[in-house]
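Below you'll find the structure, written out as structure tokens, and then a few comments.
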Amino acid sequence: MLRELTKLRGSLAPAMPVVMTSLAGHPPQYEETELGAPVYGISQTPQVSLDFQVFEKPDGLTFNWDFLPAVYPDGLIDAMFEEFTGLLEALGEDEVWERHSPPPGDESAAPGTAEERDTGDAWERYWAGIRRTGRGGDVIWDADSGEEFHWLLGQAQRHFRSGLPVIDLGCGNGRYSRELAPHYPSVIGVDVSASAIEHARREAEGVANVDYLAIDMTDAEQAAVLGEGPYNIFVRGVFHVLDGEARSRLAAVADRLLGSEGTLIVHEPDYSSNSFGYLGFVGGKRGRAEDLVGPLEAAGVRHSHRFTRPELAEAFGADAWEVVEDEAIELHAIDPQSDADALRLPGYYAVLRRRR
């Protein structure tokens, strides 16, 4: 193949100078033979200057680099291999998967926490690329589900004080704000992404009592623009992509805005492990919504973490908060294979009030 590529290109330049060969996950080939256990090996492939191999041994994963010393400056491969080894060892720690590092050579972008990226650039990058919303659109959780709207309005009628305004926290394109608007004096949709707010304002044209603001609600200074309340607050799919500190800050902001009369309704996905949460459940290479999940991953949106009763109790301490009710409840997302139905995903629902 390499010979034919060279003929087509009319050049002897290496067509594949760097090659990776991975046997990870293949049947292990590490048993000793009559000749004994291998102690040294080398690969030499025409036109390949760096050959990276990964394979399994009884004591774990083995990797090595075979390279042509004459091709690379002295010390370069040693330095690269040391950096790679350090990175591979670091990936054994869970918190490293949530840490942002700028692209190689981008010295202007200092490493930041996942939280800083999520509440700033990542969600804005995501929403800036959205062209369509609702069924058949680009936003996986914007299922436009009449059944879920009916459920939400029922819970709001049971628990919200009807005379109070409502905050739709993490509103995205404002789907739920518009559903709530006819039933309350006013609704304010807030989202960390200015592009999401632009979508929401366009889609709310003609709805008189809805307003939208681009606010990071984990930042008390930004949230101060909403005043002191009291408000009812609805949150859908926000806490599961926040870390513990951000959840606590958001709970503190909610505490102030609810006052003594408001109620908080939380509706979150409930995925069985920390990954991309319900997005990984329906997307990635394993699910039915791969094309909808890809832009979230590309934007750097923080991976999902569980948010059910234990996590709720950690963010909303029992001394200050009363859990009125909570239960497992489905959360609806777009089904790319159906124009009439939604994907029904595991979810968690809770109603909270401040203790008086």
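The values are calculated or read from the model by the stated rules, or taken from the named source; none is laboratory data. Computed from a prediction, not measured in an experiment: that's the story for all the values here. So basically every Cβ, Gly included, is an ideal-geometry build from the backbone, and we count neighbours across all protein chains shown. For accessibility, only protein heavy atoms count, side chains too; no ligands or nucleic acids. Shrake-Rupley method; radii C 1.70, N 1.55, O 1.52, S 1.80 Å.
What to note about this one:
- Between the stretch 321-356 and the stretch 249-268, the alpha-carbon center distance in angstrom: 17 Å
- Shown in residue order for the stretch 150-160 are the 3J(HN,Hα) couplings computed by the Karplus curve 6.51 cos²θ - 1.76 cosθ + 1.60 at θ = phi - 60°: 4, 4, 4, 5, x, 5, 5, 4, 6, 10, 6 Hz (x for Gly and Pro).
- Net charge of the neighbourhood of V235, taken over other residues with C-beta under 13 Å away and scored Lys/Arg +1, Asp/Glu -1, is -1.
- Backbone geometry of the stretch 177-186 corresponds, through the Karplus equation with coefficients 6.51, -1.76 and 1.60 at θ = phi - 60°, to 3J(HN,Hα) couplings of 4, 5, 5, 7, 4, x, 10, 9, x, 7 Hz, x marking Gly and Pro.
- Placing R0 at 51 angstrom, the Cβ-Cβ distance between V207 and I42 gives a FRET efficiency of 0.15 after rounding to 0.05.
- Take 41-51, 132-142 and order them by the average number of nearby Cβ atoms within 10 Å per residue, most first; the result is 132-142, 41-51.
- Extending 7 Å from Cα along the Cβ direction at A224 and again at E261 yields two label points whose distance is 2.5 nm.
- Seen from S260, the other residues with C-beta closer than 13 Å to its C-beta sum to a net charge of +2, counting Lys and Arg as +1 and Asp and Glu as -1.
- FRET efficiency, 1/(1 + (r/R0)^6) with R0 30 Å, evaluated for E325 and E245 via beta carbons: 0.65
- The simple Förster model, with R0 at 22 Å and r as the Cβ-Cβ distance, assigns E83 and S22 a FRET efficiency of 0.70.
- Unit charges on C-beta of K, R, D, E only; dipole of the stretch 305-356, Debye: 380 debye
- Per-peptide packing, taken as the mean over residues of other Cβ atoms within 10 Å, places 224-230, 80-86 in the sequence 224-230, 80-86 from highest down.
- The stretch 139-202 - percent of accessible surface contributed by carbon and sulfur, probe 1.4 Å: 48 percent
- Note that the stretch 149-214 presents 42 Å² accessible area per residue, ligands and nucleic acids not counted, probe 1.4 Å.
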